[in-house]
Each structure stands twice: as structure tokens, then as C-alpha cells.
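The structure under discussion is supplied below as C-alpha cells; questions concerning it will follow.
The values are calculated or read from the model by the stated rules, or taken from the named source; none is laboratory data. If you're wondering where the values come from, they're calculated on a predicted model, not measured in any experiment. All Cβ positions, glycine included, derive from the backbone under ideal geometry; neighbour counts span all protein chains shown.
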Amino acid sequence: MRGMVWIAFLCAAISVAGASPEQPRRDEASLRAADAAQLSAARDRDADALERMMHPAFTVNSPEGEMWPRAKVLALWRNRGIGHEHFERTVESVTLVKDIGIVAGREIVQPSPDSLAGQRRHDGGQPVMRRFTNVWLWDGGRWWFLARHANEMAAKP
């Protein structure tokens, strides 16, 4: 009996020692976490964090009505062309299809006075309601920020 206990203990120890840390998973929770990290980096104007999460083919259909490639987006973050005094996001939909994740909903932003949006506004810096869609790609065991679309919502009459 004592030998059987020792063998069971040894097998358990080998199993635990050989266990690898939990690997990231392609699921809704990890997608939501990636999107939350993007929001946090945007709030902080952390261009380095944004660069690490952006796929090399990243593109944005900007609220300014232009298509911006990754290089332009990162340059704008670095030179303060993009930034917000306030940034809230409400996720309304999360969709996973194979290696693609889509997070969509609404945002309330107050552009920083030194940002492109802040410089073009003539409303005293009022908050702006937007719709957004963030597209993520699962590759290499992680989510990559692939594309974004954000547009201002028309004011209700």
C-alpha cells in the first residue's frame, strides 16, 4: 500500500511540474480583454502599447472621414493628433467567427484640445457620441487589432 501511495504522489508531482501556464484562448473573454486594453491605451495616449497590439495591416476608417493606415495612426498618436479628455465605450456586440473577432457599440468621447478633432470643433469641447466597430484577428496565440471604424452620430433634432 505504501508503494502505491508513493507512486501516486510521484505521478502527481511529475504532472504538476510538467504543466505549462495557461495559454491564451481564442474566446469572448480574451477578445473583450484585448479590446479593453486598446481602450486603456487610447485613454492614456500610449502609442507604444497601441503599436504592440496593432496588426501590420491595421487600418482605420476615421471619424474625420478618411482611411488611415497603421503608420499614420501611430504618428498621430505620437504627435498628439489623436487624444481625448474623456473616453467611454459601451460594448453592445461581440462576434467571433473562426479567427476574426468583432467588437462594436457606442462611445462618448471628448477630444483633447490639441487633437485634430479638438482643433476642428467649434462647440466648446462638448462630448461626442460615436458608433464604433473594432476588428481583431487571432494569430500566433493572441489578438491583433486589425481594423477600426468610428463615426460621429448625427445630433437628434
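What are the pairs, 6+ residues apart or on separate chains, where a residue within region 132-156 that is in a strand (DSSP E or B) has its Cβ under 6 Å from a residue that is among the β-branched types (Val, Ile, Thr)?
Asn134/Val103; Val135/Ile102; Leu146/Val135; Ala147/Thr59; Ala147/Val135; Arg148/Val60; His149/Thr133; Glu152/Val128
Then there is this: Scan Arg26, Arg43 and give me the residue that is under 13 Å from the mean Cα position of the chain (by Cα) and surrounded by 13 or more Cβ atoms within 10 Å (Cβ to Cβ).
The unique qualifying residue is Arg43.
Please determine whether any residue of region 53-60 is assigned to a strand (DSSP E or B) and modelled with pLDDT under 95.
At the first step, the residues of region 53-60 found to be assigned to a strand (DSSP E or B) are 54-60.
Adding the requirement that they be modelled with pLDDT under 95 leaves none.
Checked region 53-60: no residue is assigned to a strand (DSSP E or B) and modelled with pLDDT under 95.
Can I ask one more? Quick one: in region 77-90, which of the residues that are buried (at least 16 other Cβ atoms within 10 Å of the Cβ) and in a strand (DSSP E or B) is modelled with the lowest pLDDT?
His84
Condition first: within 14 Å of Phe132 (Cβ to Cβ), of a type in the set (A, V, I, L, M) and touching a strand residue (DSSP E or B) at 6+ places or on another chain (Cβ under 8 Å). Now tell me which residues in region 24-40 satisfy that.
Selection gives Leu39 alone.
Follow-up question, since we're still on this one. Is there any pair with a first residue in region 48-71 that is within 9 Å of Leu146 (Cα to Cα) and a second that is charged (D, E, K, R) and part of a helix (DSSP H, G or I) whose Cβ atoms are under 6 Å apart and which are 6 or more apart or on different chains, and what are they?
The qualifying pairs are Met54/Arg70; Phe58/Arg70.
With the requirement that a residue be of a type in the set (D, E, K, R) and under 12 Å from the mean Cα position of the chain (by Cα), what does region 143-154 give you?
Arg148 - this is the single residue of region 143-154 that is of a type in the set (D, E, K, R) and under 12 Å from the mean Cα position of the chain (by Cα).
Additional query: Under 6 Å between Cβ atoms, which residue pairs at least 6 apart in sequence (or on different chains) link something in region 83-110 that is without any contact (Cβ under 8 Å) to a residue 24 or more places away in the chain with a partner that is of a type outside the set (A, V, I, L, M) and outside any strand (DSSP E or B)?
Every condition considered, the pairs that remain are Ile108/Pro127.
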